[in-house]
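K.L.:
Below: one structure in C-alpha coordinates.
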Amino acid sequence: MNIIVVGGGGREHTICWKIAQSSVVDKVVVVPGNGGTAYESKCVNVNPKDCDYIKEGENPYVAIAKHENCRMAVIGPEDPLAEGIADEFWKADIPCVGPKKAGAQLEASKDLSKKFMKEYGVACPASETFTNKNEACEYIKKHGAPIVVKADGLAAGKGVVVAATVDEALAAVEDMMGNGKVGDAGKKLVIEDYLEGVEISVLAAVSVTPEFAVSGSATIVPFLPARDHKRLMDGAKGPNTGGMGAVCPLEDVTEKMMAQFDKDILQPTLNGLIKEKFDYRGFIFFGVMLTKQGPKLLEYNVRLGDPETQAVLPLMDFDFTAMCTAILNGNLKSFDMKWKPGFQVAPVVVSGGYPAAYEKGKEITINNAILSESKAKIFVAGAVPGRRGQGDMLTSGGRVLACSAYGATFKEAWARAYQGISAVKFEGAFHRKDIGLPGAAESGKL
(Lines give C-alpha, C1' and ligand atoms only; values in the text may rest on other atoms or scores of the structure.)
Protein backbone atom coordinates (compact mmCIF):
# COMPACT_ATOMS: atom_id res chain seq x y z
CA MET A 1 0.00 0.00 0.00
CA ASN A 2 0.93 3.68 -0.27
CA ILE A 3 1.29 5.82 2.86
CA ILE A 4 1.47 9.61 3.14
CA VAL A 5 3.79 11.11 5.78
CA VAL A 6 3.33 14.79 6.59
CA GLY A 7 6.43 16.76 7.57
CA GLY A 8 9.95 17.58 6.49
CA GLY A 9 12.30 17.12 9.46
CA GLY A 10 14.60 14.50 10.91
CA ARG A 11 11.73 12.83 12.74
CA GLU A 12 9.85 12.43 9.46
CA HIS A 13 12.90 11.04 7.64
CA THR A 14 13.23 8.43 10.38
CA ILE A 15 9.52 7.56 10.25
CA CYS A 16 9.67 7.20 6.45
CA TRP A 17 12.78 5.02 6.64
CA LYS A 18 11.07 2.75 9.16
CA ILE A 19 7.76 2.60 7.26
CA ALA A 20 9.59 1.74 4.03
CA GLN A 21 11.06 -1.37 5.65
CA SER A 22 7.62 -2.99 5.73
CA SER A 23 6.92 -5.54 3.02
CA VAL A 24 3.32 -4.29 2.70
CA VAL A 25 4.44 -0.75 1.75
CA ASP A 26 4.89 0.10 -1.92
CA LYS A 27 5.42 3.86 -1.72
CA VAL A 28 5.89 6.51 0.95
CA VAL A 29 4.62 9.91 -0.19
CA VAL A 30 6.38 12.60 1.89
CA VAL A 31 4.87 16.09 2.02
CA PRO A 32 7.07 18.06 1.69
CA GLY A 33 10.00 15.85 2.74
CA ASN A 34 13.66 16.87 2.65
CA GLY A 35 17.04 16.01 1.19
CA GLY A 36 17.10 12.71 3.06
CA THR A 37 13.66 11.43 2.09
CA ALA A 38 14.40 12.48 -1.51
CA TYR A 39 16.91 9.61 -1.73
CA GLU A 40 15.32 7.15 0.73
CA SER A 41 14.07 3.80 -0.54
CA LYS A 42 10.38 3.79 -1.62
CA CYS A 43 10.05 7.51 -0.75
CA VAL A 44 8.81 10.29 -3.03
CA ASN A 45 8.82 13.95 -1.98
CA VAL A 46 5.76 15.97 -3.03
CA ASN A 47 5.49 19.75 -2.71
CA PRO A 48 1.86 20.95 -2.71
CA LYS A 49 2.95 23.98 -4.78
CA ASP A 50 3.78 21.62 -7.64
CA CYS A 51 0.40 19.86 -7.63
CA ASP A 52 -1.93 21.44 -10.18
CA TYR A 53 -4.68 18.95 -9.31
CA ILE A 54 -5.34 20.50 -5.88
CA LYS A 55 -8.64 22.38 -6.05
CA GLU A 56 -9.22 25.75 -4.43
CA GLY A 57 -10.33 25.30 -0.82
CA GLU A 58 -9.28 21.64 -0.78
CA ASN A 59 -6.96 20.41 1.95
CA PRO A 60 -3.68 19.92 0.05
CA TYR A 61 -2.53 16.94 2.12
CA VAL A 62 -5.82 15.11 1.62
CA ALA A 63 -5.79 15.95 -2.09
CA ILE A 64 -2.27 14.54 -2.48
CA ALA A 65 -3.16 11.43 -0.49
CA LYS A 66 -6.15 10.76 -2.75
CA HIS A 67 -4.13 11.43 -5.91
CA GLU A 68 -1.43 9.02 -4.75
CA ASN A 69 -3.93 6.35 -3.61
CA CYS A 70 -2.65 6.44 -0.03
CA ARG A 71 -4.40 4.14 2.42
CA MET A 72 -2.87 5.59 5.59
CA ALA A 73 -1.57 8.95 6.80
CA VAL A 74 1.13 9.49 9.45
CA ILE A 75 1.56 13.01 10.82
CA GLY A 76 4.97 14.14 12.06
CA PRO A 77 4.83 17.74 13.38
CA GLU A 78 2.56 19.33 15.98
CA ASP A 79 1.25 22.34 14.04
CA PRO A 80 -0.92 20.47 11.51
CA LEU A 81 -2.23 18.22 14.29
CA ALA A 82 -3.24 21.25 16.37
CA GLU A 83 -5.01 22.64 13.31
CA GLY A 84 -7.05 19.46 12.84
CA ILE A 85 -5.34 17.65 9.96
CA ALA A 86 -6.26 14.23 11.41
CA ASP A 87 -9.94 15.20 11.38
CA GLU A 88 -9.63 16.07 7.67
CA PHE A 89 -8.04 12.73 6.77
CA TRP A 90 -10.69 10.76 8.65
CA LYS A 91 -13.46 12.76 6.91
CA ALA A 92 -11.89 11.64 3.62
CA ASP A 93 -11.89 7.99 4.81
CA ILE A 94 -8.11 7.90 5.06
CA PRO A 95 -7.07 6.42 8.43
CA CYS A 96 -4.69 8.81 10.18
CA VAL A 97 -1.97 8.13 12.76
CA GLY A 98 -2.13 11.31 14.83
CA PRO A 99 -4.71 12.62 17.31
CA LYS A 100 -7.72 14.59 16.19
CA LYS A 101 -7.79 18.31 16.96
CA ALA A 102 -9.34 18.05 20.44
CA GLY A 103 -6.62 15.73 21.74
CA ALA A 104 -3.86 17.68 19.99
CA GLN A 105 -4.59 20.66 22.26
CA LEU A 106 -2.64 18.83 24.98
CA GLU A 107 0.43 20.24 23.27
CA ALA A 108 -1.08 23.31 21.63
CA SER A 109 -2.14 24.81 24.98
CA LYS A 110 0.07 24.58 28.09
CA ASP A 111 -2.85 25.84 30.17
CA LEU A 112 -5.22 23.15 28.89
CA SER A 113 -2.49 20.56 29.39
CA LYS A 114 -1.94 21.57 33.03
CA LYS A 115 -5.68 21.52 33.72
CA PHE A 116 -5.81 18.00 32.25
CA MET A 117 -2.90 16.87 34.47
CA LYS A 118 -4.52 18.31 37.61
CA GLU A 119 -7.98 16.95 36.74
CA TYR A 120 -6.75 13.38 36.28
CA GLY A 121 -4.04 13.22 38.95
CA VAL A 122 -0.98 13.18 36.69
CA ALA A 123 2.17 13.82 38.77
CA CYS A 124 3.47 17.24 37.71
CA PRO A 125 4.93 20.48 39.12
CA ALA A 126 2.50 23.00 40.61
CA SER A 127 1.62 25.92 38.36
CA GLU A 128 -0.59 28.96 37.83
CA THR A 129 -1.92 30.48 34.61
CA PHE A 130 -1.98 34.21 33.85
CA THR A 131 -3.46 36.44 31.17
CA ASN A 132 -2.40 39.67 32.91
CA LYS A 133 1.27 40.68 32.81
CA ASN A 134 1.25 42.56 36.11
CA GLU A 135 -0.39 39.67 37.94
CA ALA A 136 2.17 37.26 36.51
CA CYS A 137 5.02 39.50 37.68
CA GLU A 138 3.55 39.86 41.18
CA TYR A 139 3.25 36.08 41.45
CA ILE A 140 6.90 35.64 40.47
CA LYS A 141 8.04 38.23 43.02
CA LYS A 142 6.12 36.47 45.80
CA HIS A 143 7.10 32.96 44.71
CA GLY A 144 10.78 33.64 44.08
CA ALA A 145 13.24 31.79 41.86
CA PRO A 146 14.23 29.48 40.29
CA ILE A 147 10.96 29.30 38.41
CA VAL A 148 9.73 28.27 34.94
CA VAL A 149 7.84 30.57 32.57
CA LYS A 150 5.96 28.96 29.67
CA ALA A 151 4.03 30.47 26.79
CA ASP A 152 0.61 28.85 26.55
CA GLY A 153 0.64 28.21 22.81
CA LEU A 154 2.96 26.60 20.28
CA ALA A 155 6.15 28.64 20.02
CA ALA A 156 8.55 26.47 17.97
CA GLY A 157 10.59 25.52 21.05
CA LYS A 158 11.07 29.16 22.12
CA GLY A 159 8.27 29.39 24.63
CA VAL A 160 9.91 28.03 27.78
CA VAL A 161 12.32 29.91 30.05
CA VAL A 162 13.91 28.26 33.09
CA ALA A 163 14.73 31.36 35.14
CA ALA A 164 17.48 31.19 37.77
CA THR A 165 16.55 34.59 39.19
CA VAL A 166 13.43 36.69 39.66
CA ASP A 167 14.82 39.27 37.23
CA GLU A 168 15.23 36.58 34.53
CA ALA A 169 11.66 35.42 35.09
CA LEU A 170 10.30 38.98 34.92
CA ALA A 171 12.26 39.57 31.72
CA ALA A 172 10.74 36.40 30.24
CA VAL A 173 7.25 37.64 31.06
CA GLU A 174 8.02 40.98 29.43
CA ASP A 175 9.45 39.28 26.32
CA MET A 176 6.52 36.92 25.85
CA MET A 177 3.53 38.91 27.10
CA GLY A 178 4.79 42.46 26.72
CA ASN A 179 6.96 42.43 23.61
CA GLY A 180 5.18 39.62 21.77
CA LYS A 181 8.40 37.66 21.27
CA VAL A 182 6.44 34.42 20.68
CA GLY A 183 3.40 36.02 19.08
CA ASP A 184 -0.07 34.92 20.14
CA ALA A 185 1.43 31.98 22.04
CA GLY A 186 2.47 34.44 24.77
CA LYS A 187 -0.91 36.06 25.37
CA LYS A 188 -1.38 33.55 28.18
CA LEU A 189 1.45 32.28 30.41
CA VAL A 190 1.83 29.23 32.62
CA ILE A 191 4.24 29.81 35.52
CA GLU A 192 5.46 26.59 37.01
CA ASP A 193 7.46 25.39 40.01
CA TYR A 194 11.07 24.51 39.25
CA LEU A 195 12.02 20.86 39.80
CA GLU A 196 15.42 19.37 40.57
CA GLY A 197 16.31 16.14 38.83
CA VAL A 198 17.30 14.65 35.48
CA GLU A 199 15.14 14.77 32.35
CA ILE A 200 14.09 11.82 30.24
CA SER A 201 11.75 11.39 27.28
CA VAL A 202 9.24 8.58 27.01
CA LEU A 203 7.63 8.20 23.59
CA ALA A 204 4.56 6.00 23.36
CA ALA A 205 1.95 4.64 20.98
CA VAL A 206 -1.66 5.57 21.79
CA SER A 207 -4.87 3.87 20.70
CA VAL A 208 -7.85 5.54 22.35
CA THR A 209 -11.39 6.15 21.06
CA PRO A 210 -14.73 6.03 22.90
CA GLU A 211 -15.41 2.73 21.13
CA PHE A 212 -12.06 1.25 22.18
CA ALA A 213 -12.76 2.38 25.76
CA VAL A 214 -16.03 0.45 25.79
CA SER A 215 -14.40 -2.69 24.37
CA GLY A 216 -11.46 -2.47 26.80
CA SER A 217 -8.87 -2.10 24.04
CA ALA A 218 -7.93 1.55 24.69
CA THR A 219 -4.26 1.67 25.65
CA ILE A 220 -0.94 3.53 25.74
CA VAL A 221 2.19 1.45 25.15
CA PRO A 222 5.49 3.18 26.04
CA PHE A 223 8.67 2.78 24.04
CA LEU A 224 12.14 2.54 25.56
CA PRO A 225 13.11 5.64 27.56
CA ALA A 226 15.39 8.08 25.76
CA ARG A 227 17.18 11.34 26.47
CA ASP A 228 17.46 14.50 24.41
CA HIS A 229 20.37 16.91 24.92
CA LYS A 230 19.02 20.43 24.36
CA ARG A 231 21.93 22.67 25.32
CA LEU A 232 24.23 23.71 22.48
CA MET A 233 27.56 23.03 24.15
CA ASP A 234 29.23 20.04 25.81
CA GLY A 235 28.41 19.60 29.48
CA ALA A 236 24.83 20.85 28.98
CA LYS A 237 26.00 24.47 28.65
CA GLY A 238 25.03 27.29 26.32
CA PRO A 239 21.62 28.21 24.90
CA ASN A 240 18.69 25.84 24.49
CA THR A 241 18.22 24.33 21.04
CA GLY A 242 15.73 22.04 19.34
CA GLY A 243 17.98 19.13 20.33
CA MET A 244 21.68 18.36 19.88
CA GLY A 245 21.39 14.59 20.04
CA ALA A 246 19.68 11.66 21.71
CA VAL A 247 20.46 8.29 23.24
CA CYS A 248 18.30 5.22 23.91
CA PRO A 249 17.83 3.31 26.21
CA LEU A 250 19.10 4.85 29.47
CA GLU A 251 21.32 3.01 31.94
CA ASP A 252 20.35 5.39 34.76
CA VAL A 253 16.61 4.65 34.45
CA THR A 254 15.58 1.64 36.53
CA GLU A 255 12.58 -0.67 36.23
CA LYS A 256 11.34 0.79 39.51
CA MET A 257 11.39 4.31 38.01
CA MET A 258 9.47 3.16 34.95
CA ALA A 259 6.92 1.36 37.14
CA GLN A 260 6.34 4.59 39.06
CA PHE A 261 6.09 6.49 35.76
CA ASP A 262 3.41 4.02 34.66
CA LYS A 263 1.47 4.43 37.92
CA ASP A 264 1.75 8.21 38.41
CA ILE A 265 1.84 9.52 34.83
CA LEU A 266 0.96 7.04 32.09
CA GLN A 267 -2.14 5.39 33.59
CA PRO A 268 -3.70 8.70 34.76
CA THR A 269 -3.07 10.08 31.27
CA LEU A 270 -4.80 7.10 29.69
CA ASN A 271 -7.71 7.51 32.09
CA GLY A 272 -7.96 11.20 31.16
CA LEU A 273 -7.95 10.51 27.41
CA ILE A 274 -10.75 8.01 27.91
CA LYS A 275 -12.80 10.27 30.22
CA GLU A 276 -12.46 13.20 27.78
CA LYS A 277 -13.71 10.89 24.99
CA PHE A 278 -10.82 11.85 22.74
CA ASP A 279 -10.16 10.11 19.43
CA TYR A 280 -6.45 9.83 19.99
CA ARG A 281 -4.79 7.34 17.67
CA GLY A 282 -1.13 8.20 17.25
CA PHE A 283 1.81 8.96 19.48
CA ILE A 284 2.45 10.88 22.67
CA PHE A 285 5.65 12.25 24.12
CA PHE A 286 6.08 12.46 27.89
CA GLY A 287 8.74 14.99 28.93
CA VAL A 288 9.61 13.75 32.42
CA MET A 289 11.81 14.99 35.27
CA LEU A 290 13.11 12.25 37.56
CA THR A 291 13.06 13.88 41.01
CA LYS A 292 13.72 12.57 44.53
CA GLN A 293 9.94 12.45 44.93
CA GLY A 294 9.55 10.36 41.78
CA PRO A 295 8.87 11.09 38.08
CA LYS A 296 7.04 14.35 37.36
CA LEU A 297 5.53 15.25 33.99
CA LEU A 298 6.85 18.49 32.49
CA GLU A 299 4.90 18.42 29.23
CA TYR A 300 2.99 16.43 26.68
CA ASN A 301 3.83 16.48 22.99
CA VAL A 302 1.19 14.92 20.75
CA ARG A 303 3.70 13.35 18.36
CA LEU A 304 7.08 11.67 18.37
CA GLY A 305 9.99 13.71 19.72
CA ASP A 306 12.88 15.03 17.66
CA PRO A 307 15.72 14.00 17.90
CA GLU A 308 14.57 11.16 20.20
CA THR A 309 12.88 9.45 17.24
CA GLN A 310 16.27 9.10 15.54
CA ALA A 311 17.52 7.08 18.53
CA VAL A 312 14.35 5.12 19.42
CA LEU A 313 12.96 3.88 16.08
CA PRO A 314 16.18 2.13 14.95
CA LEU A 315 15.91 -0.10 18.04
CA MET A 316 12.43 -1.31 17.07
CA ASP A 317 12.62 -4.99 16.16
CA PHE A 318 9.12 -5.02 14.73
CA ASP A 319 7.18 -3.68 11.76
CA PHE A 320 6.43 0.02 12.38
CA THR A 321 3.67 0.03 9.77
CA ALA A 322 2.01 -2.98 11.43
CA MET A 323 2.11 -1.09 14.73
CA CYS A 324 0.42 1.90 13.06
CA THR A 325 -2.30 -0.42 11.78
CA ALA A 326 -2.77 -1.80 15.31
CA ILE A 327 -3.08 1.76 16.64
CA LEU A 328 -5.81 2.53 14.11
CA ASN A 329 -7.72 -0.73 14.53
CA GLY A 330 -7.69 -0.92 18.32
CA ASN A 331 -5.34 -3.91 18.44
CA LEU A 332 -2.37 -2.13 20.03
CA LYS A 333 -2.83 -3.80 23.42
CA SER A 334 -2.01 -7.20 21.90
CA PHE A 335 0.69 -5.94 19.51
CA ASP A 336 4.07 -7.55 20.27
CA MET A 337 6.74 -4.84 20.57
CA LYS A 338 10.17 -6.43 20.51
CA TRP A 339 13.29 -4.32 20.95
CA LYS A 340 16.86 -4.90 19.90
CA PRO A 341 19.18 -5.41 22.86
CA GLY A 342 21.82 -2.71 22.90
CA PHE A 343 22.01 1.04 22.43
CA GLN A 344 21.46 3.76 19.85
CA VAL A 345 23.34 7.08 19.91
CA ALA A 346 22.34 9.93 17.59
CA PRO A 347 24.36 13.19 17.76
CA VAL A 348 23.07 16.10 15.68
CA VAL A 349 25.10 18.31 13.33
CA VAL A 350 23.95 21.93 13.21
CA SER A 351 24.71 25.00 11.12
CA GLY A 352 27.25 27.52 12.37
CA GLY A 353 25.54 30.19 14.46
CA TYR A 354 22.56 28.02 15.43
CA PRO A 355 20.32 28.53 17.44
CA ALA A 356 20.81 32.21 16.56
CA ALA A 357 21.28 33.44 12.97
CA TYR A 358 22.87 30.97 10.55
CA GLU A 359 23.53 30.75 6.84
CA LYS A 360 21.83 28.29 4.48
CA GLY A 361 22.83 26.72 1.20
CA LYS A 362 26.10 25.16 2.36
CA GLU A 363 27.10 22.12 0.32
CA ILE A 364 27.21 18.90 2.34
CA THR A 365 29.80 16.27 1.51
CA ILE A 366 29.68 12.77 2.96
CA ASN A 367 32.56 10.29 2.89
CA ASN A 368 30.59 7.13 2.14
CA ALA A 369 33.52 4.85 2.93
CA ILE A 370 33.78 6.17 6.48
CA LEU A 371 30.00 6.20 6.89
CA SER A 372 29.74 2.61 5.69
CA GLU A 373 32.52 1.46 8.01
CA SER A 374 30.77 3.11 10.98
CA LYS A 375 27.46 1.35 10.18
CA ALA A 376 25.73 4.61 11.13
CA LYS A 377 22.59 5.95 9.48
CA ILE A 378 22.14 9.62 8.58
CA PHE A 379 18.70 11.12 9.18
CA VAL A 380 18.30 14.48 7.49
CA ALA A 381 16.48 17.41 9.12
CA GLY A 382 17.50 20.73 7.57
CA ALA A 383 18.85 19.91 4.12
CA VAL A 384 17.46 19.84 0.58
CA PRO A 385 18.58 17.95 -2.54
CA GLY A 386 21.64 19.59 -4.11
CA ARG A 387 22.17 21.00 -7.55
CA ARG A 388 23.36 17.73 -9.09
CA GLY A 389 20.52 15.64 -7.68
CA GLN A 390 22.60 12.49 -7.19
CA GLY A 391 22.50 12.19 -3.44
CA ASP A 392 24.16 15.52 -2.70
CA MET A 393 22.51 18.04 -0.40
CA LEU A 394 22.55 21.69 0.67
CA THR A 395 21.84 22.93 4.18
CA SER A 396 18.43 24.55 4.66
CA GLY A 397 18.00 24.70 8.43
CA GLY A 398 19.67 25.04 11.83
CA ARG A 399 19.64 21.38 12.76
CA VAL A 400 20.95 19.77 9.59
CA LEU A 401 21.13 16.03 10.31
CA ALA A 402 21.58 13.32 12.93
CA CYS A 403 24.05 10.47 12.67
CA SER A 404 22.49 7.48 14.43
CA ALA A 405 24.40 4.30 15.23
CA TYR A 406 23.69 1.01 17.00
CA GLY A 407 25.98 -0.92 19.32
CA ALA A 408 25.68 -3.94 21.58
CA THR A 409 27.08 -1.64 24.28
CA PHE A 410 26.72 2.10 24.75
CA LYS A 411 30.46 2.51 24.16
CA GLU A 412 30.23 0.74 20.80
CA ALA A 413 27.17 2.75 19.71
CA TRP A 414 28.84 6.01 20.76
CA ALA A 415 32.06 5.22 18.87
CA ARG A 416 30.18 4.27 15.71
CA ALA A 417 27.98 7.38 15.84
CA TYR A 418 30.95 9.70 16.13
CA GLN A 419 32.91 7.82 13.48
CA GLY A 420 29.91 8.32 11.21
CA ILE A 421 29.65 12.00 12.07
CA SER A 422 33.27 12.48 11.04
CA ALA A 423 32.19 11.58 7.49
CA VAL A 424 29.95 14.67 7.28
CA LYS A 425 31.43 17.99 6.17
CA PHE A 426 29.97 21.41 5.38
CA GLU A 427 31.06 24.97 6.08
CA GLY A 428 30.30 25.93 9.69
CA ALA A 429 29.24 22.43 10.77
CA PHE A 430 29.10 21.99 14.55
CA HIS A 431 28.16 19.16 16.91
CA ARG A 432 28.41 18.25 20.57
CA LYS A 433 31.03 15.65 21.40
CA ASP A 434 29.45 14.27 24.58
CA ILE A 435 25.99 12.96 23.68
CA GLY A 436 25.09 10.29 26.24
CA LEU A 437 28.25 10.70 28.33
CA PRO A 438 28.26 11.46 32.09
CA GLY A 439 27.61 15.14 32.72
CA ALA A 440 25.89 15.64 29.36
CA ALA A 441 22.33 15.05 30.56
CA GLU A 442 19.83 17.87 30.93
CA SER A 443 19.10 18.35 34.60
CA GLY A 444 16.97 20.50 36.84
CA LYS A 445 19.96 21.99 38.62
CA LEU A 446 21.08 25.60 38.32
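The values are calculated or read from the model by the stated rules, or taken from the named source; none is laboratory data. The shown structure was predicted, so the numbers you read here are calculated from the model rather than taken from an experiment. Cβ: placed from backbone, ideal geometry, glycine included. Neighbour counts: every protein chain shown. These accessible areas exclude ligands, DNA and RNA; they are computed on the full protein's heavy atoms, side chains included. Shrake-Rupley method; radii C 1.70, N 1.55, O 1.52, S 1.80 Å.
K.L.:
State all residues of segment 142-164 that are within 20 Å of E442 (Cα to Cα) and part of a loop (DSSP other than H, G, I, E, B); if no residue qualifies, say none. Steps first, answer last, please.
P.N.:
The first filter runs over segment 142-164 and keeps only residues within 20 Å of E442 (Cα to Cα), leaving 145-150, 156-164.
The answer is A145, P146, A156, G157, K158, G159, A164.
K.L.:
Please enumerate the residues belonging to segment 88-141 that are among the small types (G, A, S), surrounded by 17 or more Cβ atoms within 10 Å (Cβ to Cβ) and assigned to a helix (DSSP H, G or I).
P.N.:
Matches in segment 88-141: G103, A104, A108, S113, A136.
K.L.:
Also: Please give the strands (runs of 3 or more DSSP E) falling wholly within segment 351-445 in which 1 or more residues are open to solvent by 40 Å² or more (accessible area, probe 1.4 Å) and either closer than 30 Å to E192 by Cβ or hydrophobic (A, V, I, L, M, F, W, C) (or both).
P.N.:
Details: elements: 363-366, 377-380, 383-385, 393-395, 399-407.
In segment 351-445, the matching strands (runs of 3 or more DSSP E) lie at 363-366, 383-385, 399-407.
K.L.:
Can you go through V24, V62, V30, V44 and tell me which one is outside any helix (DSSP H, G or I), open to solvent by less than 40 Å² (accessible area, probe 1.4 Å) and either closer than 20 Å to A204 by Cα or modelled with pLDDT of 95 or more (or both)?
P.N.:
Values: V24 fails: open to solvent by less than 40 Å² (accessible area, probe 1.4 Å); V62 fails: outside any helix (DSSP H, G or I); V44 fails: open to solvent by less than 40 Å² (accessible area, probe 1.4 Å).
Sole residue among the options that is outside any helix (DSSP H, G or I), open to solvent by less than 40 Å² (accessible area, probe 1.4 Å) and either closer than 20 Å to A204 by Cα or modelled with pLDDT of 95 or more (or both): V30.
K.L.:
Taking the options N47, N2, N69, name whichever one is within 29 Å of A185 (Cα to Cα) and either touching a His at 6+ places or on another chain (Cβ under 7 Å) or among the polar types (S, T, N, Q) (or both). Full working, then the answer.
P.N.:
On the way: N2 fails: within 29 Å of A185 (Cα to Cα); N69 fails: within 29 Å of A185 (Cα to Cα).
The conditions single out N47.
K.L.:
Only one of D184, D167 is surrounded by fewer than 16 Cβ atoms within 10 Å (Cβ to Cβ), touching a Gly at 6+ places or on another chain (Cβ under 7 Å) and outside any loop (DSSP other than H, G, I, E, B); which? So that I can check it myself, show each step before the final result.
P.N.:
Details: D167 fails: touching a Gly at 6+ places or on another chain (Cβ under 7 Å).
Selected residue: D184, the only one of D184, D167 that is surrounded by fewer than 16 Cβ atoms within 10 Å (Cβ to Cβ), touching a Gly at 6+ places or on another chain (Cβ under 7 Å) and outside any loop (DSSP other than H, G, I, E, B).
K.L.:
What are the residues in segment 61-89 that are under 23 Å from A156 (Cα atoms) and free of Cβ contacts under 8 Å to residues at least 24 places away in the same chain, if any?
P.N.:
E83, G84, D87
Conditions tested, residue by residue: (1) within 30 Å of I191 (Cα to Cα); (2) in contact (Cβ under 8 Å) with a residue 40 or more places away in the chain; (3) out of contact with any helix residue (DSSP H, G or I) (no Cβ under 8 Å at 6 or more places or on another chain); (4) of a type in the set (A, V, I, L, M, F, W, C).
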residue: R303; (1), (2), (3), (4): yes, yes, no, no
residue: L315; (1), (2), (3), (4): no, yes, yes, yes
residue: M337; (1), (2), (3), (4): no, yes, no, yes
residue: G342; (1), (2), (3), (4): no, yes, no, no
residue: P347; (1), (2), (3), (4): no, yes, no, no
residue: T365; (1), (2), (3), (4): no, yes, yes, no
residue: A376; (1), (2), (3), (4): no, yes, no, yes
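Table: residues versus (1) touching a Phe, Trp or Tyr at 6+ places or on another chain (Cβ under 8 Å); (2) farther than 30 Å from K292 by Cβ.
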residue	(1), (2)
V348	no, yes
A356	no, yes
A369	no, yes
G386	no, yes
R399	yes, yes
T409	yes, no
G428	yes, yes
I435	yes, no
G439	no, no
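K.L.:
Next question. Return a yes/no flag: does segment 272-295 have any residue that is closer than 29 Å to Y418 by Cα and basic (K, R).
P.N.:
Scanning segment 272-295, I find no residue that is closer than 29 Å to Y418 by Cα and basic (K, R), so the answer is no.
K.L.:
Only one of these conditions is not met by K237: (1) closer than 27 Å to V350 by Cβ; (2) touching a residue at least 60 places away in the same chain (Cβ under 8 Å); (3) charged (D, E, K, R). Which number is it?
P.N.:
Only one criterion is unmet by K237, namely (2).
K.L.:
Here is a further query. How many residues, within segment 1-21, are touching a Pro at 6+ places or on another chain (Cβ under 9 Å), open to solvent by less than 30 Å² (accessible area, probe 1.4 Å) and not small (G, A, S)?
P.N.:
Within segment 1-21, residues that are touching a Pro at 6+ places or on another chain (Cβ under 9 Å), open to solvent by less than 30 Å² (accessible area, probe 1.4 Å) and not small (G, A, S) number 5.
K.L.:
Now for a separate question. For K49, indicate whether it is outside any loop (DSSP other than H, G, I, E, B), more than 28 Å from G361 (Cβ to Cβ) and not aromatic (F, W, Y). Write out each step before concluding.
P.N.:
Working: outside any loop (DSSP other than H, G, I, E, B): yes; more than 28 Å from G361 (Cβ to Cβ): no; not aromatic (F, W, Y): yes.
Here the answer is no, as K49 does not meet what is asked.
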